[in-house]
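Novice: Okay, handing you the structure first.
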Amino acid sequence: LENAHPSNYYLLGDEGYLGKELHQQLKQMGYELWTPYRKNMTGAKKHNDHQLMAIRRTIESDFSLLTYY
């Protein structure tokens, strides 16, 4: 990933990628990591955009199908 030149620099991550260190590393490489806040975190409703959550749900469903077979 160090030499990658992304055309779409947004990455959707899971709630497990909330760490600031990973966010900073990816930002230095030109990526913007978007991870949803956990429901019990302050500002979760405002941060967790409905459209992005719908995209994540579709992607996770597809991954689920791929890992099933």
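The values are calculated or read from the model by the stated rules, or taken from the named source; none is laboratory data. Since this is a predicted model, take the numbers as computed values, not measurements. Please note: Cβ atoms are built from the backbone with ideal geometry, for glycine as well, and neighbour counts cover all protein chains shown.
Novice: Considering only residues that are surrounded by 10 or more Cβ atoms within 10 Å (Cβ to Cβ), more than 17 Å from Gly16 (Cα to Cα) and at pLDDT below 75, which ones fall in the range 46-67?
Specialist: Correct list: Asp49 only.
Novice: Mind counting the residues in the range 12-26 that are of a type in the set (A, V, I, L, M, F, W, C) and modelled with pLDDT of 80 or more?
Specialist: Number of matching residues: 2.
Novice: Separate question: Within the range 25-43, work out how many residues are under 15 Å from Leu12 (Cβ atoms) and not in a helix (DSSP H, G or I).
Specialist: 7
Novice: Would you check which residues across the range 27-41 are out of contact with any helix residue (DSSP H, G or I) (no Cβ under 6 Å at 6 or more places or on another chain) and at pLDDT 75 or above and list them?
Specialist: Passing the criteria: Lys27, Gln28, Met29, Gly30, Tyr31, Glu32, Trp34.
Novice: Would you please list the contacts, defined by Cβ atoms under 8 Å and residues six or more apart or on different chains, that run from a residue in the range 21-38 that is within 21 Å of Gln51 (Cβ to Cβ) to a residue that is assigned to a helix (DSSP H, G or I) and of a type in the set (D, E, K, R)?
Specialist: Hits for this filter: Leu33/Lys27; Thr35/Glu15; Pro36/Glu15; Pro36/Arg56; Tyr37/Glu15; Arg38/Glu15.
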